[in-house]
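None of the figures in this text is laboratory data; all of them are computed from the coordinates on show. What you see is a predicted model; the values in this text were computed from it and never measured. Neighbour counts are summed over all protein chains in view; Cβ atoms, including those assigned to glycine, are modelled from backbone coordinates with ideal geometry.
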Amino acid sequence: TGMNANCCRLIVNVSWGFFVSFGRGCMNYMLPASYAWGNFSVLAVGIWAIVQRDSLDAITMFLTGLLLTVLTDIIHISIFYPSHNFLNDAKRFSIGMAIFSLLLKPVSCYLVYRMYRERGGE
């Protein structure tokens, strides 16, 4: 019953893809430090949530953090998107990876929500 090992592997793989693309989004220093700090904080809480498999608080904080970073990532990308005159290939790649990271977050949220339900959340 509940989540099997394959589902946990899927959560880890999607989260890994999310954080790799997030890291590439930070590589050009186009987005502010608050973008990196917010996402790295969620990464730390996510590691805590995966390690403590019986903690409902950890998974709740991870899900809340993911949902908040969806909102803050939209704000960061929309405010700090460079104008066409200052858009080179490295900046295009960096912002594209930040957008890809943002697109992966709803999948991560769904999988984390399933884990939350498995741990007894309402």
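Annotations for the structure displayed:
- Alpha-carbon Rg/Rh ratio, for segment 41-122, with Rh computed the Kirkwood way: 1.12
- Trypsin sites (Lys or Arg not before Pro) restricted to segment 48-122 and DSSP loop, no more than 14 other C-beta within 10 Å: 53
- A simple spin-label model places pseudo-atoms 7 Å from Cα toward Cβ; at residue 33 and residue 54 they are separated by 4.0 nm.
- Relative contact order (percent, whole number), segment 33-122, Cα cutoff 8 Å, 6+ residue spacing: 37 percent
- Two-site label geometry, residue 99 and residue 81: point separation in nm, points 7 Å out along Cα→Cβ: 0.7 nm
- In plain terms, the chain from residue 117 to residue 89 could stretch by 5.8 nm, reckoned as 0.36 nm per residue minus the Cα-Cα distance.
- Note on residue 47 and residue 67: the extension gain reaches 5.6 nm, defined as 0.36 nm multiplied by sequence separation minus the Cα-Cα distance.
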